[in-house]
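Engineer: Attaching a single structure in structure tokens format; questions to follow.
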């Protein structure tokens, strides 16, 4: 699996609602688990496969984000979906702080010299 990480990620756990329309224009709404979040996007876990480039509304307590599906990978218990926020939508912990969150930074590990 290949991941394009432009921002530091914050591992978290939260139940959110997403809404979208399929290619036929049928509206869908689903509760999903928030896995991680950054300034420019988030990753969710769900039972449903949602095609790449699908536009979504992500509702959190007190507000919403809009974005589009960047990837949808099958995992043992469903799908992991990466969502990039639309211009004008940026996450901030002052605006929305998931109930359970762990901040971390990805860093390159250099091999030891023998």
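Engineer: Report the extension gain between residue 40 and residue 86 in nm, rounded to one decimal, defined as 0.36 nm multiplied by the number of residues separating them, less their alpha carbon distance.
Structural biologist: 15.7 nm
Engineer: Can I ask one more? Give, in nm to one decimal, the length gained when the segment between residue 33 and residue 21 is fully stretched (0.36 nm per residue of separation minus the Cα-Cα distance). Walk me through the numbers on the way to the answer.
Structural biologist: Numbers: separation 12, 0.36 × 12 = 4.32 nm, distance 1.94 nm.
Length gained between residue 33 and residue 21: 2.4 nm.
Engineer: Here is a further query. Among 59, 21, what is the fewest-to-most ranking by other Cβ atoms within 10 Å? Before the final figure, lay out the partial values.
Structural biologist: On the way: 59 15, 21 12.
So the ranking, lowest neighbour count to highest, is 21, 59.
No value in this document is a laboratory result; all are computed from the given coordinates. Every value quoted in this text rests on a predicted model; they were computed, and no experiment measured them. Note that we place each Cβ from the backbone using ideal geometry, even for glycine, and neighbour counts take in every protein chain shown.
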